[in-house]
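Everything below concerns the one structure shown next.
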2 protein chains.
Amino acid sequence: MSKYVIGLDFGTNSCRALIVDISDGTELASSVFSYPSGIEGVIVDAADPNLARQNPADYVIGIETTVKEVIKKAKGLLSLFDPCNMIGIGVDTTGSSPLPVDKQGVPLCFDKKYKDNPNAMVWLWKDHTGYAEAAQITETAARMRPQYLAKIGGTYSSEWFWSKILHCKNVDKTVFGEAYSFVEICDWIPAVLVGINDADKIKRSVCAAGHKAMFNSSWNGLPDNEFLEALSEGLSPLRGRLYNEAYTAENLAGYLTKEWAAKLGLSENTAVAVGAFDAHMGAVGAGVSAGTLVKILGTSTCDIMVSPADKPLKDIPGVCGIVDGSVMNSYYGIEAGQSAVGDIFLWFINNLVPEKYGSTQAEKFKNLEAEGAKLKPGESGLLALDWNNGNRTILVDVRLTGMLLGQTLHTQPHEIYRALIEATAFGALAIIDRIEEFGVEIKEVVNCGGLAVKSPMMMQIYADIIGRPMKISRSEQTPALGAGIFGAIAAGKKNGGYDSVLEAQDKMTGTSRVYNPIPENNAVYKKLYSLYKQLHDAFGTKQWNGAMYNVMKDLLAARDEARRNK
Amino acid sequence: MSKYVIGLDFGTNSCRALIVDISDGTELASSVFSYPSGIEGVIVDAADPNLARQNPADYVIGIETTVKEVIKKAKGLLSLFDPCNMIGIGVDTTGSSPLPVDKQGVPLCFDKKYKDNPNAMVWLWKDHTGYAEAAQITETAARMRPQYLAKIGGTYSSEWFWSKILHCKNVDKTVFGEAYSFVEICDWIPAVLVGINDADKIKRSVCAAGHKAMFNSSWNGLPDNEFLEALSEGLSPLRGRLYNEAYTAENLAGYLTKEWAAKLGLSENTAVAVGAFDAHMGAVGAGVSAGTLVKILGTSTCDIMVSPADKPLKDIPGVCGIVDGSVMNSYYGIEAGQSAVGDIFLWFINNLVPEKYGSTQAEKFKNLEAEGAKLKPGESGLLALDWNNGNRTILVDVRLTGMLLGQTLHTQPHEIYRALIEATAFGALAIIDRIEEFGVEIKEVVNCGGLAVKSPMMMQIYADIIGRPMKISRSEQTPALGAGIFGAIAAGKKNGGYDSVLEAQDKMTGTSRVYNPIPENNAVYKKLYSLYKQLHDAFGTKQWNGAMYNVMKDLLAARDEARRNK
C-alpha cells in the first residue's frame, strides 16, 4: 500500500492542497480555494496603493475546504485509499508575510477590537507601505552592521519582515503595543495545525528568518538590540519575544491535533513539517540539488540553487540571499531572481498590443507567440533591457527602468514581444554567469512555474540564449509537491516516509520536456548578449565608461544577416 | 480689380490648385485631384518594396481638372471674377522625381512600347531602388570629388537624381538608351504648360539641380564626365543632354499655350514660373526670409532657411543642402530636416495603441492628445530618440534606429506618445543649435504643414522644448501659396504682379496663432534635453565616450519631482 502526503501551498490569491503518492511522485488530486476576503484575497486601501494585507482566517477555512475536497477526490479515484496512509503534511506560503499575534499565537485581528484594522492582519509579501523604513534599515545597517547586508545582496527591501514591523510601530502604536510577537504565515499555519498555543513555542523557518529577517548564526540570530534601538527607540524588547532558533523544513512542527484530524478525516499521527516559502519548496519539488539551478518563471522569477554547507561559499555580489538551510538541511540556499518577467509581457500585452492580435489577453498572447516564433534571432533588429521593475539580481537596484532600442517605422508588436522575452533571457544569463563566476557550478537548469509550460517559444529562446538545455519540471505544482516532500520527511522513514530531501526527490521529482539550444541561434544570440551586457553595464553600473556607437550598427548588421539567411 | 494667381502643388498622392488674391494673400478657392494610377497615385511592385513610380499623365489630367474647378468656384464666389486677371501660375512638386523623356521632352511611357514599363515613368522621390547606386556615388565622390559631398551633408541619397538614373542604366538598358534626357517633374510640368517641345530647352530648377543632382556653379554645373564614367562606363554622354544652366523660381518658364489657355479658360498672357520643390516653395508661402526658420511638419519635417548670398556662408556639417537660389534669388537656400516625425506617431498609433484609446486612427490620435496633454514635462519618466527612420540632420545616418527608455510596468500609451513628440522636438532643437553654431542666426520659427494645425499639444511642447515662440503660418496650403507667389513674380510688376519674393510675401503671407514657451516647462525640458543629447551623441557619433549611469536616475528624479509638483 502506497503512502501519501499533502502539500499545502498558500499563494497570493488562493491556496491549494495536493495529494502525492510518495513512492513515485504521482499527483493524485488537487483542490484550490480562493480566499474570500478583500479583492481576490488581498485587503487593499484605495488611498494607499502600497498597502496589501490578508485575513489569516482565510487560510484556516482554506485548509478545511481544500483538504476535505482532495481526500474526497482521492477516494473517488482509488477505492482503496485509506486516510491512515496519509503520513505527512507540508506547508509553503508567500513571504515575507508577517502577522502580529498575542501571547497565545492568536492573530490580533481575531480579536473583535481589531477585526477591521489592516495593521492587525497579515502584512502580505507585496505590501510596500514600509518603503521609507526599508531605506532607513539599509542606511543604518550600512553604517553600523555592513555584515547584515552582505548576505542579502546589499539592500533591505520594503517587502521584508523588519520594514513591515517598523512601519507598524511607526503608524499604529496600539497594534504594535498589543502584539506579543510577529509570526511569518509559513510558521503560523503549521502551528495552527499542530495546536501550538504559545507564541514562544512556534517553530520558525530558517528560510524566512535568514532571507527576510537578517537572521544568521554568525551574529547570534536576529539583529542585535543596539541595532534595533538605533532603528527605533523601544523596538529591541520585541527581539526577545521573536526567536533565537530557526528550523529547516525537514523538521517536525508536530502532529495534527485531535480536532484537525477529526475535521479533515485524517489520523492524529499525521506529521506536519516546519514551513518555508513557496519558491524554496518549489525548487525542491522541481528537483533542486547541488549543481541544479531551478528557475521559477512567473510574473517575476525566482532562481534557487543549493551549495553544500560543508564547503566554503563566498558572498556573491548582487545575489539576494545566501542562507544555510533555507532550501534544505546541510546546504546553503542561494536565492536570486528577476523582479519582472511575466509582468513585463503582461504590461506589454495589456497596454501596447492592438486588437488586430485578438480581442482578449489570451488571444493576444497566442498570436504574439505564433508570430514571434516565426522570427529568427536578430531579425527584428530590436534589443531591450528587462528592467521595467528594476533589477533584483545582479544590480540590486530598483531605480532602473526598461529600454527598447532598434525600432523602425516597420516594427511590429510581435517583434517587440519577442525582444522582451529575449531581454529576460539575457537577464537570466547574466545571473547564471555571475553565480558561476563565484564558484558555484551550474550543471543543469530546471524550469517550473506557469510560463515554463505556457510558452514553448520562450523556453526555446531561453535555451538558445543561455546555451544550455532548458529542462521543464515534470510537476506543474512544484511548490505544493515540495511541501508534500517535506511532509514525507517530517513523517520520516520509520513512518513510511523519507529521511532526506535527496532520498525523497529521487522518487518523487523529475523533468519532462527538454528544450535544447539550436547552435546557429546560440551563435547569433552570443553577439546580441554582448550588446545586452554593454547596455546593462552602461546604464546599470557607475564604473562603466565607453562608446555606444556600435550598438545600433551591430543590431542592424545582425538584422540584415538574419534576413539574408531566411 | 484684384489680380490673381494659381499655385499648382503636386504631392505624392494628389495635386492641388489654389487661387490666391495677390493683393492680400486671400485664398479664394482650392481644388484637389487624386491621381488615378497605381495605388493612391503610386505605381508599386509587390516584389520590390523599394519601387515607387508615377504616371505623368496623371499630372496633366490633374491640371485640367483642378484648374477648371477652382475657376468655377472662384466665379461662384465673386461674380465679377475675370480669368483675365489671372496673371500667373507657379508649380511646386515632390522631388527628386526624375522622368525619362525623348528629344521632344515627351515621357517615354507615353510611347505604347513603354506604357507598362515603370522604368519609363516618373521615379518618385520615395523610390529607393537605387540604394546600392547611392552608396556607390557616395563612395566614388568621397574618393574623387569630396567637394560634391560637402554641400549635401556628406551622403548621397537613394532618393536623388543620379541614384535613380544610374539604377535605370543598370537594370533597363533599353529605357536608358531610349531616354534622350531625364527631367524633374518640377521642370517638366511648367514645360508642358508653356508648350516646350525640345528637351534641351526645358528650364531646369536650381532647387532640384543643386539639392539633388550635385549641380554647382563652382564646379561648372553637373558632375564632370570623368566622375560619371567612374560611376558607370557610358554614363557621361548623358551629361551633355541634361543642362548647363539652372534657374530660380522667380524666372519665367513661358506663357500658357493657346491650347492650355483655351482648355482652362485662361488668357494666353498667363505667365508660368520655373518650378521648384514643395518644401522650398512652402517656405516662401510661410514667409521665409533671412532669420526665419520655416518648419514644414508632416510625415517627415523639412526645415528651410535662407541666408543672403552676398555674405559668405560656411558649410554646416550635417545639414543636407546649401544651394544658391534654391528658395529665392540672391539667397542661399538652407535645407535641413528630420527623416520621420509624423511617421513615428503614425507608426505608434497604427501598431502599438490598443482600442481602449478608440477604434479609428483619428479617435486614437484625439485621445492620445487629450491624455498626453495632461502630463507635465518629465512626469512619464520616459525619453526617446526620434530615429525610427534614421537621422537626416545633423548626423546624416540612415543606419540609426529608434529608442525608448524609462518604461516601467505602469507606462501607458499616451505617455509614450508624448515622449515620441518630445523626441522629435529635441531633434528639432539639435538642428537649430547646429545652424546657429555655424553663424546663421534664427530670429523666428514659423511652422506649417498638417501637424502644425492638427496638434496644439505638439506645438506647445515644441515651444517649451525649443524655448522660442512657435508661430503658425496663416495659410494651411503654404506650398500652393508659395507656388502662386512665384506665379505673381513670373508675371512681374508690369503685369500687375511683383518683382521679388520679399515684396510678394509682404502682402501675401503671415502667421496666425503663436505658442509661447512656458518658463517652468522649458526649465524641466532643458534638463531632459541634456539627457537626449547625451544619448544622441553616444549612439550617434563615433567620437563619444563616457558614462551612462546617470540617465535612468536623472529621468526618475525628474519624474518624481514632476509628480510632487502636480
| task | Considering every residue within the stretch A:224-241, establish whether at least one is within 29 Å of A:VAL306 (Cα to Cα), touching a Phe, Trp or Tyr at 6+ places or on another chain (Cβ under 8 Å) and either surrounded by 22 or more Cβ atoms within 10 Å (Cβ to Cβ) or touching a residue at least 24 places away in the same chain (Cβ under 8 Å) (or both). | result | no
| Regarding A:ALA253, is this residue small (Gly, Ala, Ser), open to solvent by less than 30 Å² (accessible area, probe 1.4 Å), in contact (Cβ under 8 Å) with a residue 40 or more places away in the chain and farther than 27 Å from A:ALA135 by Cβ? | yes
| said: Of everything in the stretch B:9-39, what is farther than 21 Å from B:ALA276 by Cβ, touching a residue at least 12 places away in the same chain (Cβ under 8 Å) and either in contact with a Pro (Cβ under 6 Å, 6 or more places away or on another chain) or among the aliphatic types (A, V, I, L, M) (or both)? Give them in sequence order. | reply: B:LEU28, B:ALA29
| Matching residues in the stretch A:426-460 - criterion: being in a helix (DSSP H, G or I), closer than 23 Å to A:ALA362 by Cβ and not polar (S, T, N, Q) | A:GLY450, A:LEU451, A:ALA452, A:VAL453, A:LYS454, A:PRO456, A:MET457, A:MET458, A:MET459
| query | Among the residues of the stretch A:69-105 satisfying the criterion of being among the charged types (D, E, K, R) and not in a helix (DSSP H, G or I), which is nearest to A:ILE6 (Cα to Cα)? | reply | A:ASP92
| message | With the structure loaded, tell me whether A:LYS507 is within 29 Å of the chain's Cα centre (by Cα), part of a helix (DSSP H, G or I) and within 14 Å of chain B (Cβ to nearest Cβ) or whether it fails that test. | response | no
| field | Condition check for B:ASP48: on the phi < 0 side of the Ramachandran plot and at pLDDT below 95 | value | yes
| task | Could you please find all residues in the stretch B:350-395 being open to solvent by 60 Å² or more (accessible area, probe 1.4 Å), among the hydroxyl-bearing types (Ser, Thr, Tyr) and more than 10 Å from every other protein chain (Cβ to nearest Cβ)? | result | B:THR360
| All positions within the stretch B:432-451 that are at pLDDT 95 or above and either under 17 Å from the mean Cα position of the chain (by Cα) or surrounded by 24 or more Cβ atoms within 10 Å (Cβ to Cβ) (or both) | B:VAL445, B:VAL446, B:ASN447, B:CYS448
| said: Within the stretch A:63-83, take every residue that is over 28 Å from the mean Cα position of the chain (by Cα) and open to solvent by less than 90 Å² (accessible area, probe 1.4 Å) and give me the one that is nearest to A:GLU27 (Cα to Cα). | reply: A:ALA74
| message | Checking A:LEU429 against (1) aliphatic (A, V, I, L, M); (2) surrounded by fewer than 22 Cβ atoms within 10 Å (Cβ to Cβ); (3) facing chain B (nearest Cβ under 9 Å), only one condition comes out false. Which one? | response | (3)
| Out of the residues in the stretch A:531-566 that are small (Gly, Ala, Ser) and crowded, with 16+ Cβ neighbours inside 10 Å, which is farthest from the other protein chains (Cβ to nearest Cβ)? | A:ALA562
| remark: When every residue in the stretch B:338-356 that is outside any helix (DSSP H, G or I) and under 22 Å from the mean Cα position of the chain (by Cα) is compared, the one modelled with the lowest pLDDT is B:SER339
| task | Confirm whether B:GLN460 is closer than 30 Å to A:GLN407 by Cα, in contact with a Phe, Trp or Tyr (Cβ under 9 Å, 6 or more places away or on another chain) and within 14 Å of chain A (Cβ to nearest Cβ). | result | no
| request: Would you kindly identify the helices (runs of 4 or more DSSP H) lying entirely within the stretch B:196-298 that contain at least 1 residues that are over 30 Å from B:THR511 (Cα atoms)? | output: B:206-212, B:225-231, B:236-239, B:258-264
| field | Number of the condition not met by A:VAL306 [criteria: (1) within 30 Å of A:LYS201 (Cβ to Cβ); (2) in a helix (DSSP H, G or I); (3) not charged (D, E, K, R)] | value | (2)
| query | What are the residue pairs meeting all of these: first residue in the stretch A:149-177, first residue without any contact (Cβ under 8 Å) to a residue 60 or more places away in the chain, second residue open to solvent by 30 Å² or more (accessible area, probe 1.4 Å) and of a type in the set (A, V, I, L, M, F, W, C), Cβ atoms under 8 Å, and 6 or more apart or on different chains? | reply | A:LEU149/A:ALA142; A:HIS167/A:ALA132
| message | Take the conditions touching a helix residue (DSSP H, G or I) at 6+ places or on another chain (Cβ under 8 Å), free of Cβ contacts under 8 Å to residues at least 24 places away in the same chain, open to solvent by 10 Å² or more (accessible area, probe 1.4 Å) and not acidic (Asp, Glu) and apply them to A:ARG418. Does it pass? | response | no
| task | Give the stretch A:401-415 a look and list any residue that's over 18 Å from A:LEU528 (Cα atoms) and buried (at least 24 other Cβ atoms within 10 Å of the Cβ), or say none. | result | A:THR401
| query | Just a yes or no: is a residue in the stretch A:417-424 away from chain B (no Cβ under 13 Å) and either among the charged types (D, E, K, R) or not in a helix (DSSP H, G or I) (or both)? | reply | yes
| task | Just give me the residues in the stretch A:99-145 being aliphatic (A, V, I, L, M), over 14 Å from A:PHE182 (Cβ atoms) and surrounded by fewer than 18 Cβ atoms within 10 Å (Cβ to Cβ), in sequence order. | result | A:ALA132, A:ALA135, A:ALA142, A:MET144
| remark: B:SER530: passes all of (1) modelled with pLDDT under 95; (2) in a helix (DSSP H, G or I) but (1)
| task | Determine which single condition B:TYR525 fails, assuming it passes every other condition in (1) touching a residue at least 60 places away in the same chain (Cβ under 8 Å); (2) within 24 Å of B:ALA290 (Cα to Cα); (3) buried (at least 19 other Cβ atoms within 10 Å of the Cβ). | result | (2)
| said: Exactly one of these conditions fails for A:GLY291: (1) on the phi > 0 side of the Ramachandran plot; (2) surrounded by 20 or more Cβ atoms within 10 Å (Cβ to Cβ). Give me its number. | reply: (2)
| Which one of A:VAL398, A:VAL341 is of a type in the set (A, V, I, L, M, F, W, C), closer than 21 Å to A:LEU451 by Cα, within 14 Å of another protein chain (Cβ to nearest Cβ) and in contact (Cβ under 8 Å) with a residue 24 or more places away in the chain? | A:VAL341
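The values are calculated or read from the model by the stated rules, or taken from the named source; none is laboratory data. Just so we're clear, the structure is a prediction, and the values are computed from it rather than from any experiment. Quick reminder, even Gly has a Cβ in these numbers, built from the backbone with ideal geometry, and neighbours come from all protein chains shown. Please note that ligands, DNA and RNA were not included when accessible areas were found on the heavy atoms of the full protein model with its side chains. Shrake-Rupley method; radii C 1.70, N 1.55, O 1.52, S 1.80 Å.
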